[in-house]
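To start, the structure under review is shown below, and the notes come after it.
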Amino acid sequence: MASSSSCRTCHCLLALFLLFSAAYGQLSPSFYAKTCPRLELVVRSTMTKALLADRRMGASLLRLYFHDCFVQGCDGSILLDDVGSFVGEKTAFPNVNSVRGYEVIDQIKKNVELVCPGVVSCADITALAARDGVFLLGGPSWKVPLGQRDSTTANLNEANSDLSVTSLSLDVLLASFAKKNLSPRDLTALLGAHTIGFSQCVNFRDHIYNGTDIDPAFATLRKRSCPAQAPNGDSNLAPLDVQTQLVFDNAYYHNLVAKRGLLSTDQLLFNGGSQDALVRQYAANPKLFESDFVTAMIKMGSLSPPSGTPTQIRRNCRVVNS
């Protein structure tokens with residue numbers, strides 16, 4: 001009898017193990033509903049303070065999130081510092097002296113740890129910060145799929161290869177997003193993130209001096225702060241959206257139709273190719289753009305590290321737990 005009872009107990013434990021194993025790894029907006037119910041309030045309040053100090057930070061953290069998800073999935077790998085022999089992604093060409101906002105993620109993590117120690121991943125904090133940055137600048141909000149875990153590795157080579165999108169054709173740009181299971185529509189909606197933020201002269205110099213698909217008056221305007229001869233003015237900033245650079249709206253698409261895209265990769269979306277019609281739709285219908293942007297953000301936010309990749313909940317977003 002005791003043996004039979006013990007066997008039943010083992011079967012119950014096995015069933016529970018399989019149940020939790022099946023649930024593990026599944027993302028959900030309510031992932032922290034019981035373990036950290038104040039999470040989103042803490043993130044929102046910290047982001048509000050950050051944007052009051054620097055409104056550019058909304059765009060900066062959105063970009064940081066993109067650059068995280070496009071390398072190994074949304075795993076917080078971009079946040080890891082180079083420590084000893086460990087090489088992170090911060091020195092990748094698309095990130096170095098460009099991606100910013102790490103200190104805001106640090107502050108959010110610190111505040112979250114005060115109420116829910118050891119529970120929330122840096123990856124999920126980054127996702128929520130990106131969402132709140134968009135919302136606080138007048139854009140849509142959405143339910144973020146939560147439950148991502150933090151990587152114990154980073155990939156500098158992948159950051160250099162998968163984040164470098166200068167001087168590409170539209171087909172190559174589409175293929176780079178398809179590699180992440182993102183459709184052409186996702187691509188066109190996600191690049192609408194360039195309705196906020198700024199870019200450095202080094203990124204758009206070739207477009208304004210040598211581009212054939214740019215409004216001449218717009219090129220002249222941008223040349224004022226971006227000298228032709230590198231490295232002069234390499235770090236000088238210009239708004240990605242010439243109209244409303246600190247408001248999340250659909251003006252980006254109006255710019256593309258007028259051949260006023262700051263980056264050559266932006267203007268590829270409206271250059272006689274497959275995305276022209278959708279760009280016109282987004283320019284005419286801001287609600288359609290917002291809806292598609294949210295759909296694409298949720299889809300991108302579900303990108304996870306390859307199966308079997310070691311993960312953890314980092315105590316400090318900048319270093320792997322010892």
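Per-structure values
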read-out: In segment 245-270, residue surrounded by the most Cβ atoms within 10 Å (Cβ to Cβ) [restricted to those that are polar (S, T, N, Q) and modelled with pLDDT of 95 or more]; value: ASN255
read-out: Those helices (runs of 4 or more DSSP H) lying entirely in segment 177-235 with at least 2 residues in contact with a strand residue (DSSP E or B) (Cβ under 8 Å, 6 or more places away or on another chain); value: 201-210
read-out: Those helices (runs of 4 or more DSSP H) lying entirely in segment 102-163 with at least 1 residues of a type in the set (A, V, I, L, M) and farther than 29 Å from SER291 by Cβ; value: 102-115, 156-162
read-out: Unmet criterion (only one of (1) open to solvent by 10 Å² or more (accessible area, probe 1.4 Å); (2) touching a residue at least 12 places away in the same chain (Cβ under 8 Å); (3) not basic (Lys, Arg)) for GLU89; value: (1)
read-out: Residues (touching a Pro at 6+ places or on another chain (Cβ under 7 Å), open to solvent by 50 Å² or more (accessible area, probe 1.4 Å) and of a type outside the set (S, T, N, Q)) located in segment 271-305; value: ILE298
read-out: Residue match in segment 50-72 (condition: over 28 Å from ASP234 (Cα atoms), free of Cβ contacts under 8 Å to residues at least 12 places away in the same chain and surrounded by fewer than 22 Cβ atoms within 10 Å (Cβ to Cβ)); value: no
read-out: Members of segment 269-320 that are without any contact (Cβ under 8 Å) to a residue 60 or more places away in the chain and part of a loop (DSSP other than H, G, I, E, B); value: PHE270, GLY272, ASN285, SER307, GLY308
read-out: Any hit, segment 209-216, residues being under 25 Å from SER161 (Cα atoms) and small (Gly, Ala, Ser); value: yes
read-out: Those residues of segment 173-221 which are more than 27 Å from PRO231 (Cβ to Cβ), open to solvent by less than 10 Å² (accessible area, probe 1.4 Å) and out of contact with any Lys or Arg (no Cβ under 8 Å at 6 or more places or on another chain), in sequence order; value: LEU187, THR188, ALA189, LEU190, GLY192, THR195
read-out: Residue that is modelled with the lowest pLDDT [pool: residues in segment 52-100 that are under 13 Å from GLY197 (Cβ atoms) and assigned to a loop (DSSP other than H, G, I, E, B)]; value: SER98
read-out: Per-region count, segment 131-162, residues under 14 Å from the mean Cα position of the chain (by Cα) and closer than 21 Å to ALA92 by Cα; value: 2
read-out: Lone unmet requirement of (1) farther than 30 Å from ASP162 by Cβ; (2) open to solvent by less than 70 Å² (accessible area, probe 1.4 Å); (3) at pLDDT 90 or above; (4) not in a loop (DSSP other than H, G, I, E, B) for ALA22; value: (3)
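Residue-wise test of (1) within 16 Å of SER304 (Cβ to Cβ); (2) in contact with a strand residue (DSSP E or B) (Cβ under 7 Å, 6 or more places away or on another chain).
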site: GLU40; (1), (2): no, no
site: SER45; (1), (2): no, no
site: THR48; (1), (2): no, no
site: LEU51; (1), (2): no, no
site: ARG56; (1), (2): no, yes
site: ASP75; (1), (2): yes, yes
site: ASP82; (1), (2): no, no
site: PHE93; (1), (2): no, no
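The values are calculated or read from the model by the stated rules, or taken from the named source; none is laboratory data. Every value quoted in this text rests on a predicted model; they were computed, and no experiment measured them. Quick reminder, even Gly has a Cβ in these numbers, built from the backbone with ideal geometry, and neighbours come from all protein chains shown. Side chains included, ligands, DNA and RNA excluded: accessible areas come from the protein's heavy atoms. Shrake-Rupley method; radii C 1.70, N 1.55, O 1.52, S 1.80 Å.
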